[in-house]
Amino acid sequence: MNWLLIIIIIILSILLFNDKRKTKMITVKLKDILKENSRERIKFYNLSVDKKELVKQINIFLDRYQRISIDNKNYKEQHQKMISNISHDIRTPLTALMGYVDLLLDNSITPEKQEEYISIIRERGTALKELMEEFFQMAKLECNDVEITIEKFNISEIVRQNIITFMNEINERNITPEINIGDEEIFAFGDKNYTNRIIINLISNSLKYGYEGKVMGIDLKVDKQWVKLSIWDKGKGIDKNQLPYIFDRLYTAEKSRNRNLQGSGLGLSIVKKLVEDMNGRITVESIPYEKTIFTVKLPKNNS
């Protein structure tokens, strides 16, 4: 009997030692993975059922930890790039403004030139103000410092008002408008003011980058779930390689339609954020010189 007890004690001691050794190995391996930010994971070999489950959960944690680390790294890189973009986009119009101010100080220029320079300064100053407002708006959106009021509103009326507002510019560019908003009033759920902002941005974008197609359209439809607003043109469009990045707030490639506000790369980003904050969706499709269409979908019902 004593021998049996001794044997049991020896076996238990071996098992406990082995268990402690495996626990230590897992701990050491975890420290190494975290230190090196390695993609390696802890193996399941020769582990008890409980330890296999523990290791499984640790590996899930490591996957999430690594994704967060990558996201943080990307965010820092984007933040640095954005600061650089802001500095460049502000410095360029400011330099031009100061140049024309210096010209005005020249007493030898004619009254006609003075008037021309003042007009240019006013134009550049307005553009700079709008650019700063875009940066300010994007900062507020990213900090969730924007109050979105979700309520039922007449989107047909907002579309009509914007058509009237932009009609002079449409005519000046010899663009043929194709308006299809129907005779019945259409209502959506969202923020009325921010929907107006979205429509202004998209029409401005279409006029600036799609004017070569000489046609711009606005369609407004409704189904059981969504109110669908489409703004389209037949201009130069968007290259298929750029489409996945068109709403990126830092995407500022020269050919991108996202540079619709003095190269800030924020106009369409703001549109997308506002649409999503109103529980809506936005998509873009483009075949150059055939049709480029931005479609905004807002909820029909408050549900």
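A few remarks follow.
- Exclusive hit being among the hydrophobic types (A, V, I, L, M, F, W, C) and part of a loop (DSSP other than H, G, I, E, B), set ILE120, ILE109: ILE109
- If the condition is being at pLDDT 80 or above and farther than 22 Å from GLU130 by Cα, then segment 73-106 contributes ASP102, LEU103, LEU104, LEU105, ASP106.
- Residues that are more than 30 Å from the chain's Cα centre (by Cα), on the phi < 0 side of the Ramachandran plot and either modelled with pLDDT under 85 or not hydrophobic (A, V, I, L, M, F, W, C) (or both) do occur in segment 162-170.
- Options GLU172, GLU178, GLU133: the member that is surrounded by fewer than 11 Cβ atoms within 10 Å (Cβ to Cβ) and of a type outside the set (S, T, N, Q): GLU172
- Residue in segment 93-124 that is surrounded by the fewest Cβ atoms within 10 Å (Cβ to Cβ), counting only those that are in contact (Cβ under 8 Å) with a residue 12 or more places away in the chain and of a type in the set (Ser, Thr, Tyr): TYR100
- When restricted to residues that are part of a strand (DSSP E or B) and either touching a helix residue (DSSP H, G or I) at 6+ places or on another chain (Cβ under 9 Å) or in contact (Cβ under 8 Å) with a residue 60 or more places away in the chain (or both), segment 125-181 contains 7.
The values are calculated or read from the model by the stated rules, or taken from the named source; none is laboratory data. Just so you know, these numbers come straight off a predicted model, no measurement behind them. Virtual Cβ from ideal backbone geometry, glycine too; neighbours counted across all protein chains shown.
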